[in-house]
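Shown next, in structure tokens, is the structure this report addresses.
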Number of protein chains: 2
Amino acid sequence: MERDVILREVGLRDGLQMVKSIFPTEAKKKWISDAVSAGMPEIEVCSFVPAHVVPQFQDHQEIVEHALAQPDLTVSALIPNAKGAERGFQLGVHKLNFVLSASETHNQKNVKCSTEESLARFDQVMEVQRSNPDYANTAVCGGVSTALGCTMEGEIPPARVMWLIEEYLKRGAAEVAIADTVGYANPAQVKNVFRQAIDRFGKDTTIVAHFHDTRGLGLANALAAYEAGCRAFDASLAGLGGCPFAPMATGNVVMDDLVFMFEAMGVKTGIDLDRLLEIRGLLSENLPDEPLHGMVAKAGQPKGFRPASHAVAAE
Amino acid sequence: MERDVILREVGLRDGLQMVKSIFPTEAKKKWISDAVSAGMPEIEVCSFVPAHVVPQFQDHQEIVEHALAQPDLTVSALIPNAKGAERGFQLGVHKLNFVLSASETHNQKNVKCSTEESLARFDQVMEVQRSNPDYANTAVCGGVSTALGCTMEGEIPPARVMWLIEEYLKRGAAEVAIADTVGYANPAQVKNVFRQAIDRFGKDTTIVAHFHDTRGLGLANALAAYEAGCRAFDASLAGLGGCPFAPMATGNVVMDDLVFMFEAMGVKTGIDLDRLLEIRGLLSENLPDEPLHGMVAKAGQPKGFRPASHAVAAE
């Protein structure tokens, strides 16, 4: 499958993490299989946090095993620390995503330590990997959250984001995500930060864009990152999951709208939009009280719409 | 007031045209005054159509006179034909916007004639202007609707849009708007069409972007048009007005979010976002059943947000 961009579905992790009701294990498995059938190349399927902290992910073993059995799927999971990482390595997850915040205040609030201490925890994750040769096939990745602004600190200097990417790479991170956790970013800032990151580190490292649509600029920011050379994007089906810092607002960029934008622009995602949109039914059935976002789902696709990936799919 | 882009509020025309209940004349006048106080440089205040066709605009004389009394406001109005134009010229409206469709089918459906016949009607408008020296101060402008796609015809060739712009300019149009009437456009297409239009005609003529957010790409398309050199944009407060072709969908790009995007990017709109957001109250009071859109209104502005126009406003 030829793809110009790699989209990663993060609804099962970033979306469901925000949802109060437990999403049934069987429905999660169907979501994963259906997304793979629609052409989704990568899914973040869970977070390796203790079940008492986030009960939503207590079925992580069954979910990961189901995901690993899918053809051509990169299975991704979030890890808060070395203990969660150990679990991920044991299960053979393809990518483990460690997260820290560019904002000291946000990092303290979120994981109760300084950003430097978080980097030390990332070292511990890498040590766990080195301790067992069976763990070598897992890519350990780093995420820089609140990289484009923080509800507590406001602006974050781009130099701090570059420093964190560099620290991650020194320690062996396979890729790094730049996350607009609170939806503060604007396209000019995105273009600047992603250009800097891709110029400095993009030759050997994938820089991933993780945007939230909290202030409506999610797709414009994705466009700006794409124009800056970014080719890897997180999003969630129906924009599942709100924003903990703005209760009324939407969370992740809507995957269906992002696929529409890229496919309409002639940028191949390898994802079949019709099949992707069908999966929304699974969400509305299992989360009847959760608002589902997405404009293409409401308005329908344009008459005569020719997605860029069609030619590929028809081959 | 220094401005990098000129935004035009079209909610009073494009928005209210779609609304079933009559918006009170006093509330329209307050909307206009408040928008001017917030720094709005241009407002399309009504359409010169017969009252039995669109009762919403039966108060057009009072509205236009009120608007013309505002300081530093360009007063704009839509005209369907020479008869409407005559009324606009008489009242001394600054800009009269004639509209035709790039899609033949849409033009037939909308104004019951071919696109060529619409151009002949535009000639009649220009003749009315020439017939009276008092009318000379009004700028007659042309709009190309369905320029980026049509619900009936699908794709519209960019060459047809260029041809229509050229025909308008030959006939003396002062500026031309490229409208994505049904929300089909994508950023790559927008960049291509606006680049062509601005390269060919932009030296002497303002090319205006009129986008609808029907499929969620409104702001991304505005960004693409800006990057192509466009500096004039239509939008409506709270995205007022739906889309007649997609009943569930939103209409015009949300003015408040567009102002936020530009100001966050460092692009001066000259509009005070706080004061603009306050005007939404007028809409919810007078249109309690109408959905109001806008993400910044929901989520709030970022902590420490410094709009580009602040420095200017503080001078």
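Against the test of being among the small types (Gly, Ala, Ser), closer than 20 Å to residue A:217 by Cα, surrounded by fewer than 23 Cβ atoms within 10 Å (Cβ to Cβ) and modelled with pLDDT under 95, the options B:228, B:232, B:249 yield a single qualifying residue, B:249.
None of B:181, B:151, B:146, B:138 is within 26 Å of residue B:68 (Cα to Cα) and touching a His at 6+ places or on another chain (Cβ under 9 Å) except B:138.
The residues in segment B:278-293 that are modelled with pLDDT of 95 or more and either within 11 Å of another protein chain (Cβ to nearest Cβ) or out of contact with any Phe, Trp or Tyr (no Cβ under 9 Å at 6 or more places or on another chain) (or both) can be counted, and the count is 5.
Selection of segment B:108-124 for residues being among the polar types (S, T, N, Q) and modelled with pLDDT of 95 or more yields B:108, B:114, B:115, B:118, B:124. Out of the residues in segment B:171-225 that are hydroxyl-bearing (Ser, Thr, Tyr) and surrounded by 24 or more Cβ atoms within 10 Å (Cβ to Cβ), which is farthest from residue B:100 (Cα to Cα)? Out of the qualifying residues, it is B:214.
Would you say residue A:181 is more than 19 Å from the chain's Cα centre (by Cα) and at pLDDT below 95? When the stated conditions are applied, residue A:181 does not pass them.
Looking at B:115, B:181, B:214, B:146, just one residue is more than 14 Å from every other protein chain (Cβ to nearest Cβ) and either farther than 22 Å from residue B:42 by Cα or of a type in the set (S, T, N, Q) (or both), and that residue is B:115.
Restricting B:197, B:228 to residues that are touching a Lys or Arg at 6+ places or on another chain (Cβ under 6 Å), without any contact (Cβ under 8 Å) to a residue 40 or more places away in the chain and either of a type in the set (Asp, Glu) or closer than 30 Å to residue B:138 by Cα (or both) narrows the list to B:228.
The values are calculated or read from the model by the stated rules, or taken from the named source; none is laboratory data. Note that the structure is a prediction, hence the values are computed from the model and not measured. Glycine also receives a Cβ, built like all others from the backbone with ideal geometry; neighbour counts cover every protein chain displayed.
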